[in-house]
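What follows is one structure encoded as structure tokens, with my remarks underneath.
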Amino acid sequence: MDTTNIFSLKNKVIVVTGGTGILGGAFVKGIANAGGSVVILGRNSTVGNERADEINAGGGDAIFIAVDVLEEADLLKAKEIILEKYGKIDGLVNAAGGNIPEAVVQPDADIFNMNIDGMKRAMVLNLWGTIIPTQIFGSVMAKNGSGSIVNISSVSSKQVVTKVLGYSMGKAAVDIYTQWFGVEVANRFGDAIRVNAIMPGFFLTEQNRTLLTQPDGSYTDRGNSVIKNTPFKRFGKPEELVGALVYLLSDASKFVTGMQLGVDGGFTVFSGV
């Protein structure tokens, strides 16, 4: 293997679901900076097109396709567009997902009367929002004979984080899916296809900003608790996930599969003492 620039994504076509979110924005920019062609998938056409235009104006290569990751027809249409333009897919980042209010259990709520429909919706979004794109775009990688799939886990799949039960269960399911699918594709395709996950700690996104910070930017009680239990004593910055992502998408991780790479400022290894 040529080790002169094993972290390069040059000549690789990378699909990013949830590419219009905060973390997704860092992902697509990082992939472009590493030389990859980026296919931005998401529901927000305004943001998606802006991000693609920015990358293209800077000398990169990107397109945006509006999709809902839970709608198989959307993804099949996107696959046709991608193959018509690029003829291949080398990587998939399953960044679509997140929490929903109905899957949050408040401290004063009756835990024997939870919103089951809300919990199911959170599971569907995070688990099936990962599996369905993998089925469709992963099949292209299998046909081409190579590819890297990167799922997004969470520290809440490893440690109990109060309130966010539905989200936590969804991400725990993504973890076992990452391991199981990594083994299965290896059994079928050898070392051609890798399946791994990034496990972010606490990053400020649209979904958790109001839980962790006040309008003036100061921390809420929950935000202070997170900081107290994070050895680095701060939240992560979206761009700090890019190194792990590029590593898992590039040839630098050719012998890595079924793994979860933590980027959490030490949160999951700290006992609190």
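Name the residue, out of VAL28, VAL16, that is among the β-branched types (Val, Ile, Thr) and touching a Phe, Trp or Tyr at 6+ places or on another chain (Cβ under 9 Å).
On the way: VAL28 fails: touching a Phe, Trp or Tyr at 6+ places or on another chain (Cβ under 9 Å).
After ruling out the rest, the residue left standing is VAL16.
Counting only helices (runs of 4 or more DSSP H) wholly contained in the stretch 6-91, the ones carrying 2 or more residues that are more than 20 Å from the chain's Cα centre (by Cα) and surrounded by fewer than 17 Cβ atoms within 10 Å (Cβ to Cβ) occupy 45-57, 72-85. Scanning the stretch 214-265 for residues that are in contact (Cβ under 8 Å) with a residue 60 or more places away in the chain, out of contact with any helix residue (DSSP H, G or I) (no Cβ under 8 Å at 6 or more places or on another chain) and over 24 Å from LEU9 (Cα atoms) gives a single hit, GLY265.
Determine, yes or no, whether LEU9 is among the aliphatic types (A, V, I, L, M), under 22 Å from GLU240 (Cα atoms) and in contact with a Leu (Cβ under 8 Å, 6 or more places away or on another chain). Yes: the conditions hold for LEU9.
Please tell me if GLY145 is without any contact (Cβ under 8 Å) to a residue 60 or more places away in the chain and surrounded by fewer than 15 Cβ atoms within 10 Å (Cβ to Cβ). In short, yes. Scoring GLU206 on the criteria (1) closer than 19 Å to GLN135 by Cα; (2) within 18 Å of the chain's Cα centre (by Cα) leaves a single failure, condition (1). Can you name the residue in the stretch 148-194 that is among the hydroxyl-bearing types (Ser, Thr, Tyr) and in contact (Cβ under 8 Å) with a residue 40 or more places away in the chain and is also surrounded by the most Cβ atoms within 10 Å (Cβ to Cβ) among such residues? So the residue we want is SER154.
No lab work stands behind these numbers, since they all come straight from the coordinates. Predicted, not measured: the structure shown is a model, and the values here were computed from it. All Cβ positions, glycine included, derive from the backbone under ideal geometry; neighbour counts span all protein chains shown.
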